[in-house]
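A quick write-up on the structure given underneath.
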Amino acid sequence: MKKIARKLSFVVLGLLIFASCDVKDKEATRPQANLKVAMNGWEYFIGDNDFESCSEVKEFPFFSSANVSIFNDENFLYVKVVAEEDWVIEKLYLTIWEGEIPRIFTHEDFPYQIVFPEAEYQSEVTFKIPRGDNWDVCMPLSLKIFTQNVIDGSRDHWYLTNDNLDSFDFFIQFCWEECEDCIEVIDIIAAQHYDVGDLIVWKENGDLYVKYAIDEGYKLEDAHLYVGCLGDIPVNKSGNPQIGHFPYNMSEDMVDGGIFVIPSDYLLNLECDCWVVAAHAVVSKMVGEEYWEETAWSDGNEFVDDRNWGTYSVSDCWCNE
């Protein structure tokens, strides 16, 4: 009897050791709770981050628990998920289908995954994904979202669709928008009638560049430039511009090539969303043996109707994002 009991004890002990090893093996292979699958240099960002976009930002509701924004710049696709009040984000799984969507798939195989531990659920997460070499202009995008309500513990989890209030598809259609440089070319008009060149305005690394490109045969004698809010243009009591008070002038601020450079800090500190450009010039030309000199302005809106032909220019490009 003692021998049988001893044998049974060894069997029980062996079973306990085997079970313990099995649990340890499962724990060793369990994926990390905070999962970030590295692939093709993609990144994710937590919290409120400002990303510049050269495309229209497309907004999608995710039931009543979150909103998703999708946009792109020259090289990256951005997918931003923002939880509504009293909701948090648990997990995100994303893929971009370069071919046909398979009839059967699982979100766990998606290449872009973020899973947060319970104590670290987030309210805002953004994917930043490099544009793929084989991407078409328009492609299906699948994003599975897991959210939780922090008040009652309820959960939403499904794929993002064009309208999660009425639609239960497994994807949305995303179209990449090519970035175009916002360059404005505006006529410079002398003596109200003569086109003597172009004012070329563009942004580069946040700074604004304004170039006086005067036509051959004419000479730029002087220039005064105002860039800023319409209501802050220096004018006299009659409303006519006072070019002597414009912040940029040819003798002090113009660099080679007839260019003024307005720093980004100046633009960001303007107290208006969009600004105007008032470009004044004095141009000259030899007509035979006679010297001809006239005032010129960049084409646009008159400062004062029928009193002064000075003008300022406007553009949809000249706005702070």
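Quick notes on this one:
- The set of residues in segment 209-226 that are without any contact (Cβ under 8 Å) to a residue 60 or more places away in the chain and under 14 Å from VAL277 (Cα atoms) comprises TYR209, LYS211, ALA223, HIS224, LEU225.
- Residues of segment 79-106 that turn out to be among the polar types (S, T, N, Q) and touching a strand residue (DSSP E or B) at 6+ places or on another chain (Cβ under 7 Å), as a count: 1
- For segment 169-192, the candidate set comprises residues that are part of a loop (DSSP other than H, G, I, E, B) and modelled with pLDDT under 85; within that set, the residue that is surrounded by the fewest Cβ atoms within 10 Å (Cβ to Cβ) is GLU180.
- If the condition is being surrounded by fewer than 16 Cβ atoms within 10 Å (Cβ to Cβ) and either aliphatic (A, V, I, L, M) or on the phi > 0 side of the Ramachandran plot (or both), then segment 271-304 contributes MET286, VAL287, GLY288, VAL304.
- Residue selected from segment 248-260 under the condition surrounded by fewer than 15 Cβ atoms within 10 Å (Cβ to Cβ) and on the phi < 0 side of the Ramachandran plot, by the criterion nearest to the chain's Cα centre (by Cα): ILE259
- Put simply, of ASP195, ASP232, ASP136, ASP152 the only residue that is within 30 Å of ASN72 (Cβ to Cβ), loosely packed, with under 15 Cβ neighbours inside 10 Å and of a type in the set (Asp, Glu) is ASP136.
- Test: LYS91 is touching a residue at least 12 places away in the same chain (Cβ under 8 Å), under 18 Å from PHE174 (Cα atoms) and touching a His at 6+ places or on another chain (Cβ under 9 Å): no
- Checklist (1) surrounded by fewer than 11 Cβ atoms within 10 Å (Cβ to Cβ); (2) touching a Pro at 6+ places or on another chain (Cβ under 9 Å) applied to LEU268, failing item: (2)
- Qualifying position, being crowded, with 19+ Cβ neighbours inside 10 Å, modelled with pLDDT under 95 and under 23 Å from the mean Cα position of the chain (by Cα), among LEU143, LEU160: LEU160
- Test: ILE70 is under 19 Å from the mean Cα position of the chain (by Cα), in a strand (DSSP E or B), β-branched (Val, Ile, Thr) and farther than 14 Å from TYR44 by Cβ: yes
- Yes/no for PHE60 being outside any strand (DSSP E or B) and at pLDDT below 95: no
- Residues of segment 213-239 classified as more than 20 Å from GLU302 (Cα to Cα) and part of a strand (DSSP E or B), total: 6
- Some residue of segment 77-88 being farther than 30 Å from CYS319 by Cβ and modelled with pLDDT under 90: no
- Filtered residues of segment 240-251 (kept if touching a Leu at 6+ places or on another chain (Cβ under 7 Å) and either among the β-branched types (Val, Ile, Thr) or assigned to a strand (DSSP E or B) (or both)): TYR248
- Take the conditions (1) under 20 Å from the mean Cα position of the chain (by Cα); (2) farther than 20 Å from ASP169 by Cβ; (3) of a type in the set (D, E, K, R); LYS58 misses just one of them, which is (2).
- Yes/no for SER69 being among the small types (Gly, Ala, Ser) and over 26 Å from ASP152 (Cβ atoms): yes
- For segment 106-116, the set of residues classified as surrounded by fewer than 16 Cβ atoms within 10 Å (Cβ to Cβ) and touching a residue at least 24 places away in the same chain (Cβ under 8 Å) consists of PRO111 only.
- Residues (touching a residue at least 60 places away in the same chain (Cβ under 8 Å) and assigned to a strand (DSSP E or B)) located in segment 73-88: LEU77, VAL79, VAL81, ALA83, TRP87, VAL88
The values are calculated or read from the model by the stated rules, or taken from the named source; none is laboratory data. Since the structure is predicted, the reported quantities are computational estimates derived from the model, not experimental observations. Counting neighbours? That spans all protein chains shown, and the Cβs are built from the backbone with ideal geometry, glycine included.
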